[in-house]
Amino acid sequence: MSDSTDDLPDALPDALPDALAQDWVEIAERCEPGRLVLKALSSTIAPSRMPRRRLCLGANGDALLQAGSANDALETQGHGHWSCRDDVLSLTLPGWEGDYHIEALEEETLIITQR
């Protein structure tokens, strides 16, 4: 796995926080150990038999982790904060705490790897 940020748009450093500040849905079938693939909530996401987790990154730096419950309602599983510097996303969110390398950020897809 490369540490390159070739998949990041040229203008990303200044625009990165704005691009990240949205609701992301974990696509578990595309994830690997230490590597998370997330799609923007606004994008088309295939149905899943298992409830999908949501990582909500607010423009104010708040972070929220949500997941579907047994009755398919969304439940909040944790509150925290997020920040980003260069190509590193930092989360203080229970279960996701730590620094993540932003491997790719495209229009509707975010791929992060644990550092």
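The values are calculated or read from the model by the stated rules, or taken from the named source; none is laboratory data. Worth saying up front: this structure is predicted, and the values here are computed from it rather than measured. FYI the Cβ positions are ideal-geometry reconstructions off the backbone, even for glycines, and counts take in every protein chain you see. In case anyone asks, the SASA skips ligands and DNA or RNA and just uses the protein heavy atoms, side chains included. Shrake-Rupley method; radii C 1.70, N 1.55, O 1.52, S 1.80 Å.
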Could you list, in sequence order, the residues of the range 53-103 that are closer than 15 Å to W24 by Cβ, among the aliphatic types (A, V, I, L, M) and modelled with pLDDT under 95?
A67, L74, L93
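Within the range 96-115, can you find the residues that are of a type in the set (G, A, S) and open to solvent by less than 20 Å² (accessible area, probe 1.4 Å)? Steps first, answer last, please.
Here is the first cut: in the range 96-115, the residues of a type in the set (G, A, S) are 98, 104.
Passing the criteria: only A104.
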So is L65 in contact with an Asp or Glu (Cβ under 9 Å, 6 or more places away or on another chain), open to solvent by less than 30 Å² (accessible area, probe 1.4 Å) and part of a strand (DSSP E or B) or not?
no
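Any idea which residue in the range 23-35 is farthest from Y100 (Cα to Cα), counting only those that are assigned to a strand (DSSP E or B) and open to solvent by 30 Å² or more (accessible area, probe 1.4 Å)?
Step one: list which residues in the range 23-35 are assigned to a strand (DSSP E or B), which gives 23-26, 32, 35.
Those left that are additionally open to solvent by 30 Å² or more (accessible area, probe 1.4 Å): 23, 32, 35.
Details: D23: 17, E32: 14, R35: 9 Å.
For the range 23-35, the residue satisfying everything is D23.
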Residue, least open to solvent (accessible area, probe 1.4 Å), within the range 68-95, restricted to residues that are among the acidic types (D, E) and free of Cβ contacts under 8 Å to residues at least 24 places away in the same chain
E75
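Pull up the range 36-58, narrow it to residues that are open to solvent by less than 100 Å² (accessible area, probe 1.4 Å) and over 12 Å from the mean Cα position of the chain (by Cα), then point me to the one that is nearest to E106 (Cα to Cα). Working first, answer last.
Within the range 36-58, the first condition is being open to solvent by less than 100 Å² (accessible area, probe 1.4 Å), and the residues that meet it are 36-41, 43, 45-46, 48, 51-58.
Next cut, over 12 Å from the mean Cα position of the chain (by Cα) only: 43, 45-46, 48, 51-52.
On the way: S43: 12, I45: 15, A46: 18, S48: 22, P51: 24, R52: 20 Å.
Among those residues, the one meeting the criterion is S43.
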